[in-house]
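As structure tokens, the structure follows; a few thoughts come after it.
The values are calculated or read from the model by the stated rules, or taken from the named source; none is laboratory data. From a predicted model like this one, the values you see are computed outputs, not experimental measurements. What goes into the accessible areas is simple: the full protein's heavy atoms, side chains included, and nothing from ligands, DNA or RNA. Shrake-Rupley method; radii C 1.70, N 1.55, O 1.52, S 1.80 Å.
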Amino acid sequence: MSTPADIAVTGRGLISHVIFDMDGLLLDTEKFYTEVQEMILARFNKTFDWSLKAKMMGRKAIEAARIFVEESGISDSLSAEDFLVERESMLQDLFPTSELMPGASRLIKHLHENNIPICIATGTHTRHFDLKTQRHKELFSLMHHIVRGDDPEVKQGKPAPDGFLAAAGRFKDGPVDPQKVLVFEDAPSGVLAAKNAGMNVVMVPDPRLDISHHDVADQIITSLLDFKPEEWGLPPFSDSN
Ligand SMILES: O=P(O)(O)OC[C@H](O)CO
Ligand SMILES: [Mg+2]
């Protein structure tokens, strides 16, 4: 992990574009997946722990589902496809209640007001994206574009770089040099995806995630409220932020 001084030395202060992850980073939606998956495993007298959570988060639904049934040892009783069906109605009730993570609105508005191009690259597919964001349309409209997990260009989910490379390619003036992109992520798979795309990554991990997952990111912060844009060559927050 780099310190702010290292960041300046390696030239990572020259960020021109920002890509946000969504679940667990902008929206407090990871808790819904956890709740539902705990309930399903309880049916099999098993517990859902953070080592399994760490492997699933950030991935496309079917990829996470395969990990869930295989790693928890229930694949003989429940297929990945049936797991997705079983959790769907519960998630559909929970997603419309999604709330913003602390500091998300402040950072998005700050970057937009300062003309820093911003977008989202999420593993979430369009139908779930629409449910999760229905209370936050105004804020999400500040994004230049949004790449979802079912985008045709996203052949493989995180940790593959597909989503971040597609996102970097859709800004107004064409593809952006990955070295000038700063990604915000909460998930180990998402941090790896951004590094696989050659980008800079600030990780905002859930405190329950094992610290062994902190090694790959360029910077770790405990909340978006703690992000200091000037450490990355971005306009600082003013007192009114
Ligand atoms: O974290 P995101 O936004 O890539 O979403 C991925 C899944 O939908 C949830 O882990
Ligand atoms: Mg995430």
Give me the percent relative contact order of the chain, please, defined on Cα pairs under 8 angstrom at least 6 residues apart. 28
Express in Å², to the nearest 10, the accessible area of Ser89 obtained by rolling a 1.4 Å probe over the protein heavy atoms while all chains stay in place. 70
With Cα atoms, 0 to 90° folded angle of helix 61-71 axis to the chain main axis: 50
So how exposed is Asp215, as accessible area in Å² (1.4 Å probe, rounded to 10)? 110
In percent, what relative contact order does segment 108-160 have, based on Cα pairs under 8 Å that are 6 or more apart in sequence? 45
Heavy-atom accessible area per residue - segment 30-97, 1.4 Å, Å²: 50
Please state the equivalent ellipsoid semi-axes for the chain: what are the square roots of 5 times the Cα gyration tensor eigenvalues, largest first, in whole Å? 30, 19, 17
Fraction of alpha-carbon pairs over 18 Å apart in segment 147-241 - percent: 51
What 222 nm value per residue comes from the helices of the chain, counting each DSSP H run with n ≥ 4 as -39,500 (n - 2.57) and dividing by all residues, nearest 500 deg cm²/dmol? -10500 deg cm²/dmol
Measuring from centroid to centroid over Cα atoms, what is the spacing of segment 184-212 and segment 45-62 in Å? 16
When N counts the residues of segment 30-97, how does its alpha-carbon radius of gyration compare numerically with 2.2 N^0.38 Å, as a ratio? 1.00
Fraction of the pair-distance distribution of segment 92-212 above 26 Å, Cα-Cα pairs, percent: 18
State, as an integer percentage, the relative contact order of segment 30-97 based on alpha-carbon contacts under 8 Å between residues 6 or more apart. 33
Arrange the residues Thr47, Thr97, Thr133 by how much accessible surface each exposes, largest first, with a 1.4 angstrom probe. Thr47, Thr97, Thr133
Sequence of Phe44, Phe164 from largest to smallest accessible area, 1.4 Å probe: Phe44, Phe164
Cut-off under 5 Å, modelled amide H: who pairs with His144 long-range: Ile118, Cys119
